[in-house]
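Notes for the one structure printed next.
The values are calculated or read from the model by the stated rules, or taken from the named source; none is laboratory data. The structure presented is a predicted model; accordingly, all values stated were derived computationally and were not measured. Here the Cβ positions follow ideal geometry from the backbone for every residue, glycine too, while neighbour counts run over all protein chains shown.
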Amino acid sequence: MQDLVVLDWIEILEKIKSHATSDAGREAVMGIKPHRSETEAYASFHEIAHATEVLNQGVRPYMSSLDLYSTWILRLKKNAVLKTLEIKDVRSFCLEALALKEALHEVQNEWAQTISKSLMDAEEPVSAIDQIITGGGEIRSDASETLYRLFKEKERLAREVQQSMDRLVKAHQMENVIQDKYVTTRDGRWVIPVRSGMQSHLPGVIHGSSQSKQTVFVEPQAVIPNNNRLRQIEVEIEDEIERLLTELSKYLSSKSTDIESTRLLMEECDVRFAQAQFANQVNAQPIEFSTDSMELIEVRHPLLQLAGKKVVSNTVLLDGHKSILLLSGPNAGGKTVLLKSIGLAAQMARCGLPICASETSKIPFFKDILIGIGDAQSVDEELSTFAAHLKILGKAASVKGHQNLILIDEICGSTDPEEGSALARSFIETFSTNDIFGVITSHLGPLKSGWEDDSRVLNGSLEYDPKTGRPTYQFIAGIPGDSLAIQTAKRVGVAQSIVQRAMDILAPATRARLEGLEQIERLKADISVLQDNLRKETKKAVETKKKYEGLLEQFNKDKDEWLQRTLKKAERKVEEAIAQAKVTETFKRHTALQEIKYNLPEIVKAKPITQPGAPETAQEFAKKFPPGSKVFVQTLNQDGIVQSTPNSKGEVMILSGSIRLQLHWQDLRPPGKPQNPTSQLVRQSSNVTVALADEDRTLDLRGKTVEDALSDLEVALDKASTAREDRMKIIHGHGTEALKKAVRTYLSRSMYVKKWKAGSPEGGGDGITWVELGEL
């Protein structure tokens with residue numbers, strides 16, 4: 001894994017992970033590993049492409065209910081009676097399953113349809129739950145006929161008791177007896193505060209006294225029967241609620257197998273949607289696998305693409321005859337970036353992820369990628385920087401075959417140049433003999449020449465502007481690069497005598513090569529011009545192709561409309577002819593004309609128009625992304641809000657942050673951080689009216705001192721209790737565990753907290769604490 005860290009692979013996974021909506025999805029993303037075969041990788045490409053079609057409909061289904069899945073599924077499988085809070089979580093899960101099913105149903109591709117058909121029918125469980133509890137997790141008063149009757153009787157009796165108590169409090173003869181003119185409850189019974197020593201003037205039952213002993217709380221004799229009945233009703237209500245929850249839990253338990261299979265499908269979809277969102281943002285494409293060639297067309301580094309910078313793409317072609325690319329050139333010229341771009345393309349492809357390159361690219365399905373980038377020294381293993389580097393090279397020299405790729409940065413560069421060059425050449429010759437693919441960077445001069453024409457080594461460099469001395473990052477195959485130390489000295493104004501003396505000290509071969517550098521630079525410039533022209537012509541050809549494809553598509557649409565109109569006219573004429581036929585010839589002519597009518601569709605039938613996932617016209621865009629929808633603005637590298645429908649030029653008004661701009665609808669993509677569409681999708685798919693539950697309050701205390709964290713926690717608990725919330729999620733992380741211990745100690749003593757527990761392994765682990773709030 002350490003090798004992949006230096007390749008920026010972990011950062012790629014972190015970016016994909018940021019698009020997942022559940023902890024299980026995020027964990028699965030971080031665990032992405034290479035597939036065992038090309039077939040599995042191709043299947044992954046197809047599923048991500050199909051997931052992209054779903055995103056192109058303008059919705060990204062959420063699976064956040066999976067974070068609480070482990071808190072109720074075990075109890076459900078054990079046939080336990082679920083609490084209302086747990087049933088609320090089951091309901092959220094079912095609603096998200098319904099929303100996912102609706103989103104997939106709209107897309108006609110194999111993956112979406114297979115998942116959609118395999119998801120449980122969650123509408124029935126939601127209806128069963130909604131008959132008993134509200135969206136906020138409260139028991140409905142009309143959950144059953146018995147419960148409705150008991151609640152109504154309770155309301156009536158409570159009103160009668162209240163009225164009786166109010167009359168007593170307001171009675172003139174009671175002014176000297178009553179301490180304050182209000183009524184309250186003690187042990188669930190309605191009482192009146194009476195002055196100590198005066199309780200004999202108010203017949204009834206005493207239910208305690210104040211702390212100062214100046215007030216005693218008396219339940220008047222007149223309301224005792226009603227109070228007794230109220231307590232009895234409350235017990236009956238609790239029994240009826242328990243019965244309803246038992247029946248509902250038993251029903252939900254019968255669905256546990258379907259729920260478990262749906263959970264697995266939702267996790268899979270969360271990962272696929274996250275991968276598709278990332279591919280959309282970096283404009284990644286699925287590619288083909290080859291056996292003995294590497295054709296990376298317009299390859300780019302995904303993180304540079306994601307940063308919104310102007311990225312220079314490069315084309316790298318290697319095959320069985322030239323399978324090792326030896327990159328040379330000045331520092332900060334882009335060698336390592338190109339090395340990592342190639343390595344990431346290989347790693348992403350074998351993990352089934354689209355890569356940042358043209359879809360016409362081809363690379364082998366690499367079984368192993370050996371990486372030697374950065375400082376790999378180890379004090380524990382008593383390895384110096386160079387010794388660790390040699391250990392990697394030794395391992396790379398032992399692998400054989402086209403299904404292996406080695407990536408070595410600055411081969412043998414941290415030792416004596418002469419010995420390092422000899423070692424490096426020996427290693428590279430071994431790599432060539434072993435028939436593997438490799439990308440190697442070096443500053444060592446002796447490696448830039450001396451290779452036979454039939455050698456598998458291909459020299460390459462990254463272009464720089466000789467006038468400014470700045471790199472252009474354009475890859476040039478076949479020509480080695482120079483470190484430009486002496487040229488840089490000339491450019492920055494070092495004395496000519498010093499520069500000339502340096503030239504004299506150089507070995508004759510090196511001096512001759514540097515003296516011929518101008519000719520090489522002219523050759524590079526010519527090649528660069530040719531590459532620019534080729535890129536322009538290729539871009540022009542692609543644009544022309546798209547133009548004619550658009551015209552052809554429009555022609556097909558127009559043809560279809562014209563044929564449909566012609567068909568309707570022909571049908572109308574046939575119907576009119578049939579209606580006007582003479583009675584004597586009705587049967588004969590009717591048969592002939594019906595035959596003509598039957599054959600007409602075969603004569604003028606148009607080719608059906610396919611509807612891909614992405615909008616193809618401004619009208620489709622307006623339908624999928626109406627004003628108020630979120631979209632991803634590539635030029636700003638962030639999401640924005642659609643403010644208008646496309647105008648006659650196809651331009652849409654977008655608001656992103658404080659920036660308002662007009663962009664063509666084709667330049668916009670599905671949002672990187674879309675809104676939760678569950679409510680909208682459920683309303684589309686369900687025949688019952690459902691309301692989504694509010695999200696649990698989340699408090700993130702990471703990075704704060706214990707004192708500040710506890711202060712924020714106290715405020716959050718107070719707000720949650722005031723809002724009558726059931727639960728709260730606290731994120732404190734691990735760290736030194738001082739914050740975690742302080743938070744949990746505070747929770748154990750808080751009057752707001754009914755109980756707390758650590759997060760599940762799938763839901764954030766011990767770095768999260770779930771708090772269940774009680775009633776004060």
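Can you spot a residue in segment 86-101 that is acidic (Asp, Glu), more than 17 Å from Lys255 (Cβ to Cβ) and at pLDDT 90 or above?
Within segment 86-101, not a single residue is acidic (Asp, Glu), more than 17 Å from Lys255 (Cβ to Cβ) and at pLDDT 90 or above.
To keep it simple, each residue is scored yes or no on (1) farther than 20 Å from Ile115 by Cβ; (2) in contact with a strand residue (DSSP E or B) (Cβ under 7 Å, 6 or more places away or on another chain); (3) not assigned by TED's automatic domain parsing to the domain that holds Gly352.
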| position | (1), (2), (3) |
| --- | --- |
| Leu4 | yes, no, yes |
| Leu7 | yes, yes, yes |
| Gly31 | yes, no, yes |
| Ser37 | yes, no, yes |
| Glu53 | no, no, yes |
| Gln57 | no, no, yes |
| Tyr62 | no, no, yes |
| Leu76 | yes, no, yes |
| Ala99 | no, no, yes |
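Which one of Ser421, Ser426, Ser378 is among the hydroxyl-bearing types (Ser, Thr, Tyr), farther than 14 Å from Ser323 by Cα, surrounded by fewer than 22 Cβ atoms within 10 Å (Cβ to Cβ) and at pLDDT below 85?
Ser378
Only residues in segment 528-548 that are hydroxyl-bearing (Ser, Thr, Tyr) count as the first member; pair them with residues that are surrounded by 10 or more Cβ atoms within 10 Å (Cβ to Cβ), Cβ under 9 angstrom, at least 6 apart or cross-chain, and list the lot.
That search, which allows pairs on different chains as well, returns Ser528/Glu463; Ser528/Thr472; Ser528/Gln474; Ser528/Ile476.
Out of the residues in segment 233-253 that are under 22 Å from Arg159 (Cα atoms) and surrounded by 14 or more Cβ atoms within 10 Å (Cβ to Cβ), state the one that is farthest from the chain's Cα centre (by Cα).
Per the criteria, the residue is Ile233.
How do the strands (runs of 3 or more DSSP E) wholly within segment 270-326 filter down when requiring 2 or more residues that are closer than 30 Å to Ala28 by Cβ and in contact (Cβ under 8 Å) with a residue 60 or more places away in the chain: which remain?
Correct list: 288-290, 293-299.
Within segment 129-154, restricting attention to residues that are under 36 Å from the mean Cα position of the chain (by Cα) and assigned to a helix (DSSP H, G or I), which residue is surrounded by the most Cβ atoms within 10 Å (Cβ to Cβ)?
Top of the filtered list is Ile129.
What number goes with the only condition from (1) part of a helix (DSSP H, G or I); (2) crowded, with 21+ Cβ neighbours inside 10 Å that Thr71 does not pass?
Of (1) part of a helix (DSSP H, G or I); (2) crowded, with 21+ Cβ neighbours inside 10 Å, only one is false for Thr71: (2).
Within segment 10-47, track down each residue that is of a type in the set (A, V, I, L, M), part of a helix (DSSP H, G or I) and in contact with a Phe, Trp or Tyr (Cβ under 9 Å, 6 or more places away or on another chain).
Selection gives Ile12, Ile16, Ala24, Ala41.
Restricted to segment 628-647, and to residues that are assigned to a loop (DSSP other than H, G, I, E, B) and either modelled with pLDDT of 80 or more or in contact with a helix residue (DSSP H, G or I) (Cβ under 9 Å, 6 or more places away or on another chain) (or both), which residue is nearest to Ala307 (Cα to Cα)?
Only one residue fits best here, namely Asn637.
Could you tell me which numbered condition Val191 fails, if it satisfies all but one of (1) over 30 Å from Ile129 (Cβ atoms); (2) part of a helix (DSSP H, G or I); (3) free of Cβ contacts under 8 Å to residues at least 60 places away in the same chain?
If we test Val191 against (1) over 30 Å from Ile129 (Cβ atoms); (2) part of a helix (DSSP H, G or I); (3) free of Cβ contacts under 8 Å to residues at least 60 places away in the same chain, just (2) comes out false.
What number of residues in segment 430-458 are farther than 22 Å from Leu296 by Cα, in a helix (DSSP H, G or I) and in contact with a Lys or Arg (Cβ under 9 Å, 6 or more places away or on another chain)?
Summing the residues that are farther than 22 Å from Leu296 by Cα, in a helix (DSSP H, G or I) and in contact with a Lys or Arg (Cβ under 9 Å, 6 or more places away or on another chain) in segment 430-458 gives 5.
Which of the numbered conditions does Pro626 fail, given that it passes all the others? Conditions: (1) in contact with a Ser or Thr (Cβ under 8 Å, 6 or more places away or on another chain); (2) within 25 Å of Lys15 (Cα to Cα).
In the conditions (1) in contact with a Ser or Thr (Cβ under 8 Å, 6 or more places away or on another chain); (2) within 25 Å of Lys15 (Cα to Cα), Pro626 misses (2) alone.
How many residues does segment 196-211 hold that are without any contact (Cβ under 8 Å) to a residue 24 or more places away in the chain, part of a loop (DSSP other than H, G, I, E, B), more than 60 Å from the chain's Cα centre (by Cα) and surrounded by 11 or more Cβ atoms within 10 Å (Cβ to Cβ)?
3
Which condition from (1) closer than 25 Å to Asn434 by Cβ; (2) crowded, with 19+ Cβ neighbours inside 10 Å; (3) modelled with pLDDT of 90 or more is the one that Arg272 breaks?
(1)
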